[in-house]
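Shown next, in structure tokens, is the structure this report addresses.
The values are calculated or read from the model by the stated rules, or taken from the named source; none is laboratory data. On a predicted model such as this, the values are computed, not experimentally measured, just so you know. Quick reminder, even Gly has a Cβ in these numbers, built from the backbone with ideal geometry, and neighbours come from all protein chains shown.
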Amino acid sequence: MIDRPHIIGPEDYVEPSCVLCGEPYGAEPRVKPVPQQRIIGKMDEYMSRRDYDGAERHLLYWLAEAQLGGDKRGELLIRNELVGHYRKVGNREKALENGDAALRLLDALDFGGTISSGTTYTNVATACNAFGENDRALELFEMARAVYESAQHTQPALLGGLYNNMALTCVALGQYDRAFALYDRAMDAMGQVPGGVLEQAITCLNRANAVEARDGMEAGEHQIFDLVDRAWELLNDTSAPRDGYYAFVCEKCAPTFSYYGYFAAAEELNERAKRLYERT
């Protein structure tokens, strides 16, 4: 080894690094952001083939990476995705646990009043509704609505999703007039979205269910069948891409068609979903 006492090397002024975070001991760790777009893109792939186990592994891996890297923004995104994932697979405890964590992150990030906060309120509220916590769901939906309607650049798709899901909660609480007004708003909002016919079809079916809940099947029969017919027309609209999401919507809508006696339509929707899932 050459003795060069006049040379100042890194060993003379750089503190030893922590083997876990790579930062010098005593230094504030830098945020290491996770690749949000790549995470969402991969989630779309998993959902297009209904690989729920793969989706969960994917999200939990990146959740750990976000936490290790101190990336609270990335963690908020992943917590929101986990809320939706666990809602779809029916895991109440984990859906609400991740929802509570997402709400805490809004405070930690000082995101109150932002579009991100509105999206988080909506996601957590939708999970609460799915698991019967409708009073809490309505409170969170109101918070989301206040954010979305006061923001200048809220995308119509966000408003449409909010109004539709909020209406479901109002139906569950017996607030029918309020629910129908929200369904009207949902239809208007999704009419401004390319491919929004799929969400409009879901809204029509949800509205049919609300009519039955309020009036009963016999009294509401005419209106119910008009709404189901309209949903069928929307699902056959060629403006919506025939992709994994279309398959998901077909699969989601099929049981409602079957419930109202549209057995051939239900079978056709399930076949469409099957073909699209096989293709992907």
Checking GLU23, GLU28 in turn, the sole residue that is modelled with pLDDT under 95, in contact with a strand residue (DSSP E or B) (Cβ under 8 Å, 6 or more places away or on another chain) and among the charged types (D, E, K, R) turns out to be GLU23
Selection status of LEU235, surrounded by fewer than 19 Cβ atoms within 10 Å (Cβ to Cβ) and free of Cβ contacts under 8 Å to residues at least 40 places away in the same chain | no
Residue set PHE180, PHE111; condition part of a loop (DSSP other than H, G, I, E, B) and more than 16 Å from the chain's Cα centre (by Cα); output residue PHE111
When restricted to LEU159, LEU173, the only residue touching a Phe, Trp or Tyr at 6+ places or on another chain (Cβ under 6 Å) and over 18 Å from LYS252 (Cα atoms) is LEU159
Counting only residues that are of a type in the set (Lys, Arg) and either within 19 Å of CYS170 (Cα to Cα) or not assigned by TED's automatic domain parsing to the domain that holds GLY84 (or both), the stretch 99-143 contains a total of 1
Assigned by TED's automatic domain parsing to the domain that holds GLU133, at pLDDT 95 or above, farther than 25 Å from VAL249 by Cβ and crowded, with 19+ Cβ neighbours inside 10 Å: is that true of LEU60 in this structure? no
The correct count of residues that are over 30 Å from ALA247 (Cα atoms) and at pLDDT 95 or above in the stretch 31-57 is 2
Looking at this structure, is VAL197 touching a Ser or Thr at 6+ places or on another chain (Cβ under 8 Å), more than 15 Å from PHE257 (Cα to Cα) and at pLDDT 95 or above? yes
With the structure loaded, tell me whether LEU205 is without any contact (Cβ under 8 Å) to a residue 40 or more places away in the chain, assigned to a helix (DSSP H, G or I) and either of a type in the set (A, V, I, L, M, F, W, C) or within 16 Å of TYR259 (Cβ to Cβ) (or both) or whether it fails that test. no
Has the stretch 129-147 got any residue that is at pLDDT 95 or above, within 27 Å of GLU45 (Cβ to Cβ) and in contact with a Phe, Trp or Tyr (Cβ under 8 Å, 6 or more places away or on another chain)? no
Of the residues in the stretch 161-200 that are acidic (Asp, Glu) and surrounded by fewer than 18 Cβ atoms within 10 Å (Cβ to Cβ), the one that is farthest from THR238 (Cα to Cα) is ASP177
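To keep it simple, each residue is scored yes or no on (1) in a helix (DSSP H, G or I); (2) at positive phi; (3) buried (at least 19 other Cβ atoms within 10 Å of the Cβ); (4) within 21 Å of the chain's Cα centre (by Cα).
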residue	(1), (2), (3), (4)
VAL228	yes, no, yes, no
CYS250	yes, no, yes, yes
ALA254	yes, no, yes, yes
ALA266	yes, no, yes, no
ASN270	yes, no, no, no
LYS274	yes, no, no, no
- Answer with yes or no whether GLU65 is of a type in the set (D, E, K, R), surrounded by fewer than 20 Cβ atoms within 10 Å (Cβ to Cβ) and more than 28 Å from ARG272 (Cβ to Cβ). yes
task = Would you be able to say whether some residue in the stretch 195-204 is more than 19 Å from the chain's Cα centre (by Cα) and within 26 Å of THR120 (Cβ to Cβ)?
result = no
